[in-house]
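Down below is the structure, laid out as structure tokens.
The values are calculated or read from the model by the stated rules, or taken from the named source; none is laboratory data. Since we're looking at a predicted model, the values are computed, not measured. Using ideal geometry, Cβ is built from the backbone for each residue, glycine included, and neighbour counts are taken over all protein chains shown. We work out accessible area using only protein heavy atoms, side chains counted, and drop any ligands, DNA or RNA first. Shrake-Rupley method; radii C 1.70, N 1.55, O 1.52, S 1.80 Å.
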Amino acid sequence: MKTTPRRLTAASELRDWKVWAIAAACIVASGHALIARAGWRVLLVVPVLVAAAALGLWLYLRRQPRGFAAEATRALAAHLPDGGRPPRVLTARQDGHVWEVDWRLTDRKAGPALLKRVCDLEHELGAALHLRLDRDRLRMRAGTAEIPDLVTYEDFYRHQEPGGELVVGIGESRWGPVWADLVRLPHVLIGGTTNFGKSVMVCQILTRLALRYPPEHVKLALVDFKRVELNLFEGLPHVTPPGGQAASLAVAKDLDSYLELLRVLSESLDERKLRFDLAGVKNIQAWNRRPELGGQLPYVVLVIDELAELSVEEAADAEEKRRRQEALALLARMARLGRALGFHIIAATQRPAVDTVPGPIKSQLLARCCFKVASGTESRVVLGEDNSAGAELPAHPGRGIWQWAEPVVFQGPLLTAEDAEAMLARGAGR
């Protein structure tokens, strides 16, 4: 086991009362000897010397890393090759639970080795880390908040909500609360084994959208092959036809109604595209900023639970296979063209596999949310080819990985179907 470098322990040694007592005794002895030799006139310069020494000591202590920065410095030093000089802290800034620390490396060759030890460092420091090299500097961004075992819907949404058009909460992480704006994503794939949080996440997102935004701002198109998960949203005004669309939106519960819903949405998408082209606008935000064009258009969020029911491989006959292929083609087209036109997709599955999440659709679902899955293969289907972390999650309901810019472990807001129904009923009564 490596020993802690002497340089890193200097600050803690200086805070030990025994060190101060020994230093005081040495100063008294030296002063007595100096007075005996030079006389009492030497006392005139003693205050100056004491002040200079105190200032030097204060400046030295200020340069020593403190708190998380000191812990991280010690952890980095412990992972350096034998004989390597410890890194020197250049800057350390804290903003709530987030730290940003920069070090200067005395040996540039140590940088790549430290980047490979990120997982070990995260475990030792109890933090989420982002490390990168900038020549001879090592830059760390660290989230040090504790991830709670339980987060209620009410507690989470007491946080200050960031700005956006369709903002929903994802959960609590080491970086603090995680939020997502569906307009920026623009589509989401949610995967996870039964009872680990997938359906709860879908429920709380829909509840938040319905309570936070009026039906003039967002419409919901729902696909519930299980016939139980999304029933409580069926009577909402958000699930009625938006003005100017070809036909009504409803809760589809089988392949026939799902295919019809996709055709309706495809017609609506084409209608919007034509209107945007004629008006010379590029996206729904530009359209809604110009009321003279014909009024505000709502966002449309298509929610599919369960995506595996659409697998072409499980078709019973040639005709069903053809209809499933048509449905997948319409869904892929919506995913490809929908962002600018105000169409967004949330697709959930408890059985992530290559046949249930085809490549043309998966490539458009850029935001990923993975709860506990059975294998590394399933995790890679949801999170990407090199990420099997979903299979390594603890068997704890609501614990998941949110991946958009960077993967983030979180605890999702808990909302039961009964509580969601009561909230929606209260919201409808206002």
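Just need a number here: residues in the stretch 263-306 that are surrounded by 15 or more Cβ atoms within 10 Å (Cβ to Cβ), of a type in the set (A, V, I, L, M, F, W, C) and free of Cβ contacts under 8 Å to residues at least 60 places away in the same chain.
6
Taking Ala316 and the conditions (1) surrounded by 16 or more Cβ atoms within 10 Å (Cβ to Cβ); (2) modelled with pLDDT under 95, which numbered condition does it fall short on, given that it satisfies the others?
(1)
So that you can scan it fast, the table gives a plain yes or no per residue for (1) in contact with a helix residue (DSSP H, G or I) (Cβ under 6 Å, 6 or more places away or on another chain); (2) within 21 Å of Phe225 (Cα to Cα); (3) surrounded by fewer than 22 Cβ atoms within 10 Å (Cβ to Cβ):
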residue	(1), (2), (3)
Ala332	yes, yes, yes
Arg339	no, no, yes
Ile346	no, yes, no
Arg351	yes, yes, yes
Val354	no, yes, yes
Gly384	no, no, yes
Ala405	no, no, yes
Pro413	yes, no, no
Arg426	no, no, yes
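Of all residues being among the aliphatic types (A, V, I, L, M) and open to solvent by less than 10 Å² (accessible area, probe 1.4 Å) in the stretch 165-179, which is nearest to the chain's Cα centre (by Cα)? Just the residue, please. Spell out how you get there, then give the answer.
Initial filter on the stretch 165-179 (among the aliphatic types (A, V, I, L, M)): 166-168, 170, 178.
Next, from what is left, pick out any that are open to solvent by less than 10 Å² (accessible area, probe 1.4 Å): 166-168, 170.
Details: Leu166: 16, Val167: 13, Val168: 12, Ile170: 8 Å.
Here the answer is Ile170.
Contact list please: Cβ distance under 6 Å, first residue in the stretch 216-234 and closer than 18 Å to Asn288 by Cβ and in contact (Cβ under 8 Å) with a residue 12 or more places away in the chain, second residue in a helix (DSSP H, G or I) and open to solvent by less than 60 Å² (accessible area, probe 1.4 Å), pairs at least six apart or on different chains.
Pairs that qualify, where the first residue is closer than 18 Å to Asn288 by Cβ and in contact (Cβ under 8 Å) with a residue 12 or more places away in the chain and the partner is in a helix (DSSP H, G or I) and open to solvent by less than 60 Å² (accessible area, probe 1.4 Å), are Val218/Leu209; Lys219/His238.
Among Ile361, Ile401, which is the only one that is touching a strand residue (DSSP E or B) at 6+ places or on another chain (Cβ under 6 Å), open to solvent by less than 40 Å² (accessible area, probe 1.4 Å) and free of Cβ contacts under 8 Å to residues at least 60 places away in the same chain?
Ile401
Is there any pair linking a residue in the stretch 110-134 that is more than 18 Å from Glu406 (Cβ to Cβ) to one that is part of a helix (DSSP H, G or I), with Cβ under 7 Å and at least six apart or on different chains, and which?
Correct list of pairs: Leu114/Leu76; Glu124/Ala75.
Go through the stretch 385-417 and report how many residues are within 19 Å of His130 (Cα to Cα) and out of contact with any Leu (no Cβ under 9 Å at 6 or more places or on another chain).
Residues flagged as within 19 Å of His130 (Cα to Cα) and out of contact with any Leu (no Cβ under 9 Å at 6 or more places or on another chain) within the stretch 385-417 amount to 8.
For a quick check of your reading of the model, give me the residue pairs whose first member lies in the stretch 152-172 and is polar (S, T, N, Q), whose second is open to solvent by 40 Å² or more (accessible area, probe 1.4 Å), with beta-carbon atoms closer than 7 Å and at least 6 apart or on different chains.
Listed pairs, sorted by first residue: Thr152/Leu414.
From Glu406, Glu385, grab the single residue that is acidic (Asp, Glu), within 19 Å of Leu182 (Cα to Cα) and modelled with pLDDT under 90.
Numbers: Glu385 fails: within 19 Å of Leu182 (Cα to Cα).
Selected residue: Glu406, the only one of Glu406, Glu385 that is acidic (Asp, Glu), within 19 Å of Leu182 (Cα to Cα) and modelled with pLDDT under 90.
Residues checked against (1) under 30 Å from the mean Cα position of the chain (by Cα); (2) of a type in the set (S, T, N, Q); (3) modelled with pLDDT of 90 or more; (4) open to solvent by less than 20 Å² (accessible area, probe 1.4 Å):
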residue: Arg212; (1), (2), (3), (4): yes, no, yes, no
residue: Ala221; (1), (2), (3), (4): yes, no, yes, yes
residue: Phe225; (1), (2), (3), (4): yes, no, no, no
residue: Val228; (1), (2), (3), (4): yes, no, no, no
residue: His238; (1), (2), (3), (4): yes, no, yes, yes
residue: Ala250; (1), (2), (3), (4): no, no, no, no
residue: Glu260; (1), (2), (3), (4): no, no, yes, no
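Take the stretch 134-170 and flag every residue that is small (Gly, Ala, Ser), under 21 Å from His123 (Cα atoms) and part of a strand (DSSP E or B).
Ala142, Gly143
Being modelled with pLDDT under 95 and either under 16 Å from Glu100 (Cβ atoms) or in contact with an Asp or Glu (Cβ under 7 Å, 6 or more places away or on another chain) (or both) is true for just one of Arg137, Arg174, Arg117. Which residue is that?
Values: Arg174 fails: modelled with pLDDT under 95; Arg117 fails: either under 16 Å from Glu100 (Cβ atoms) or in contact with an Asp or Glu (Cβ under 7 Å, 6 or more places away or on another chain) (or both).
So the residue among Arg137, Arg174, Arg117 that is modelled with pLDDT under 95 and either under 16 Å from Glu100 (Cβ atoms) or in contact with an Asp or Glu (Cβ under 7 Å, 6 or more places away or on another chain) (or both) is Arg137.
How many residues are under 15 Å from Gln160 (Cβ atoms) and either charged (D, E, K, R) or at pLDDT below 95 (or both) when one looks only at the stretch 177-192?
Adding up the residues that qualify gives 1.
What's the number of the condition Arg108 fails, among (1) closer than 13 Å to Asp136 by Cα; (2) within 25 Å of the chain's Cα centre (by Cα)?
With (1) closer than 13 Å to Asp136 by Cα; (2) within 25 Å of the chain's Cα centre (by Cα) applied to Arg108, the lone miss is (2).
Right, Gln204: touching a strand residue (DSSP E or B) at 6+ places or on another chain (Cβ under 6 Å) and either of a type in the set (Val, Ile, Thr) or at pLDDT 95 or above (or both) or not?
Spelling it out, Gln204 is indeed touching a strand residue (DSSP E or B) at 6+ places or on another chain (Cβ under 6 Å) and either of a type in the set (Val, Ile, Thr) or at pLDDT 95 or above (or both).
Would you mind stating whether Arg322 is closer than 21 Å to Leu366 by Cβ and either surrounded by fewer than 13 Cβ atoms within 10 Å (Cβ to Cβ) or within 33 Å of the chain's Cα centre (by Cα) (or both)?
no
Looking at Leu55, Leu80, which is the one that is farther than 14 Å from Arg174 by Cβ, assigned to a helix (DSSP H, G or I) and either at pLDDT below 90 or of a type in the set (Ser, Thr, Tyr) (or both)?
On inspection, the qualifying residue turns out to be Leu55.
Here's the yes/no breakdown for (1) among the aliphatic types (A, V, I, L, M); (2) touching a strand residue (DSSP E or B) at 6+ places or on another chain (Cβ under 7 Å):
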{"position": "Lys253", "(1), (2)": "no, yes"}
{"position": "Asn288", "(1), (2)": "no, no"}
{"position": "Tyr299", "(1), (2)": "no, yes"}
{"position": "Ala335", "(1), (2)": "yes, yes"}
{"position": "Gly338", "(1), (2)": "no, yes"}
{"position": "Ile346", "(1), (2)": "yes, yes"}
